[in-house]
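Heads up: the structure comes next, in structure tokens.
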Amino acid sequence: LAGDPAAWEALVASTRPILERAARSVVGSPEAAEEVVQAVYALLCEDSFRALREFRGESRVTTWLVSIAVRQGRMFVRGETRRKVREAAQGPEGEVDPADGAAESEIREALEAAREELSPRDRLILVLAYEDGRPHAEIAAVLGVSVNSVGPLLARARARLGEKLRVRPADSTA
């Protein structure tokens, strides 16, 4: 990639969406996730792309990069207070959903709020499995567990998400 801007741009274009989702599942906010993704790309560029040269090819490049993003995200969370992360996650006031699809928007908001209450590991496994459609082998590599552990971990994450959704009040504005 060194000296080939087109190759670098292709790598970034093809990996940015999955890295952003993985990072967001760990850090919670889009703004913090963007910082984590930038840290991943900066790490790749260090020492004339040393990390890329040292890639052993034991997994797909995207799996390897997601595991780096997860580690960077965990470091970010450790370095920031939870309060700062929550403040960064708050969007600008006054954003209003269109009238059309209000029920769908409410469901999406409730699901996102419930997911944010999960542990970073539960959020990550749900994102990798359902949003990214990653196979169990890749999820296992990212989480550092055996492939046989992925199914039970995923089932427990789904159960915890379901529980969070069940305990939510029907109308949080009342």
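The numbers here are math on the coordinates, done by the rules we state, and not lab data. What you are looking at is a predicted structure, and each value in this text was computed from that prediction instead of being measured. Backbone-built Cβ (ideal geometry, glycine too); neighbour counts: all protein chains shown.
Give region 1-50 a look and list any residue that's of a type in the set (S, T, N, Q) and surrounded by fewer than 17 Cβ atoms within 10 Å (Cβ to Cβ), or say none. Before you say what the answer is, go through the steps one by one.
Here is the first cut: in region 1-50, the ones of a type in the set (S, T, N, Q) are 14-15, 25, 29, 38, 48.
Selection gives Ser14, Gln38, Ser48.
Give Leu44, Leu65, Leu52 a once-over and let me know the one that is of a type outside the set (Val, Ile, Thr) and closer than 20 Å to Asp122 by Cα.
On the way: Leu44 fails: closer than 20 Å to Asp122 by Cα; Leu52 fails: closer than 20 Å to Asp122 by Cα.
Within the list Leu44, Leu65, Leu52, the selection yields Leu65.
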